[in-house]
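Comments concern the structure below.
The values are calculated or read from the model by the stated rules, or taken from the named source; none is laboratory data. Model, not experiment: these values are computed from the prediction. When we count neighbours, we look across all protein chains shown, and the Cβ atoms used for this are built from the backbone with ideal geometry, even at glycine. Just the protein is used for accessible areas: all its heavy atoms, side chains included, with ligands, DNA and RNA removed. Shrake-Rupley method; radii C 1.70, N 1.55, O 1.52, S 1.80 Å.
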Amino acid sequence: PGTIVTYRGHAKQFTAEWGAMPMHNLRGPHIDAWRLRQLEAGAAPATINHKLGFLSIVFQLANRSGRCSAENPVRGMDWLPVCNQREIVLTRAQEDDLLKFLRWTWPKEPWNGDMVRLLLMTGMRRQELWNLERSHILPHPEPTGELEIVRSKTGKKRWIPLSEEGAATVQRLLARHGERFVVHTLNGSATRQGQAHVWYQGRYKPAVRAIG
């Protein structure tokens with residue numbers, strides 16, 4: 001589901017960029033110029049590569065279906081170099097600053113801080129947090145229990161033990177929201193596909209940038 005939402009976003013961007021151009025007229029120089037504009041706008045090389053990978057898939061499908069016989073312009077292009085070491089460990093002071101920023105910037109959304117706390121304490125992916133349901137909170141092992149991640153990125157279940165602070169954070173989230181999901185959308189309705197990305201871009205990412 002998350003991949004579908006991402007691909008739709010890529011398609012929308014490329015349609016806005018080259019929607020008036022027939023596919024068979026798209027060439028390497030067009031893509032190079034687009035890639036340069038993306039870099040100047042601050043896009044990460046990995047993000048640009050991911051979008052070009054999607055564009056390549058579009059051409060492959062068009063070729064196979066007979067909708068376009070032009071050569072895939074992405075094929076043979078050099079990918080932008082990517083630094084794979086992306087792990088960042090927050091200090092306790094940085095974590096405190098992050099939570100303060102969320103609290104001060106969106107005072108009517110106290111759940112933002114608890115969501116960040118739970119992500120930091122458990123290492124869950126944001127989409128896993130959005131898919132977390134009340135039934136996935138297991139009472140064992142005692143006394144704090146664990147979380148059952150039913151929809152992980154690998155497609156396999158996994159279990160995350162909770163600390164006392166983690167268990168208390170889960171209970172606060174449950175107390176604020178509805179009966180099924182642990183986390184809900186910003187407007188209060190049950191969370192669905194794409195909401196994790198909306199929250200990440202609109203809340204978490206600005207907070208991280210603010211603390212440097």
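Here are the numbers for this structure:
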read-out	value
Hits in segment 1-39 - residues which are of a type in the set (S, T, N, Q) and either modelled with pLDDT of 90 or more or open to solvent by less than 50 Å² (accessible area, probe 1.4 Å) (or both)	Gln13, Thr15, Asn25, Gln38
Where a residue in segment 106-119 is of a type in the set (Gly, Ala, Ser) and its partner, wherever it lies, is open to solvent by 10 Å² or more (accessible area, probe 1.4 Å), with Cβ under 8 Å and at least six apart	Gly113/Leu99; Gly113/Arg103
Enumeration of residues in segment 58-78 that are charged (D, E, K, R) and either open to solvent by less than 30 Å² (accessible area, probe 1.4 Å) or touching a Leu at 6+ places or on another chain (Cβ under 7 Å) (or both)	none
Any hit, segment 26-39, residues being touching a residue at least 24 places away in the same chain (Cβ under 8 Å), closer than 28 Å to Gln195 by Cβ and not basic (Lys, Arg)	no
Segment 45-57 - residue that is in contact (Cβ under 8 Å) with a residue 24 or more places away in the chain and among the aliphatic types (A, V, I, L, M) and, of those, most open to solvent (accessible area, probe 1.4 Å)	Ala46
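So that you can scan it fast, the table gives a plain yes or no per residue for (1) surrounded by 14 or more Cβ atoms within 10 Å (Cβ to Cβ); (2) not basic (Lys, Arg):
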position: Asp96; (1), (2): no, yes
position: Thr105; (1), (2): no, yes
position: Glu109; (1), (2): yes, yes
position: Gly113; (1), (2): yes, yes
position: Arg125; (1), (2): yes, no
position: Ser135; (1), (2): no, yes
position: Pro139; (1), (2): no, yes
position: Gly145; (1), (2): yes, yes
position: Val150; (1), (2): yes, yes
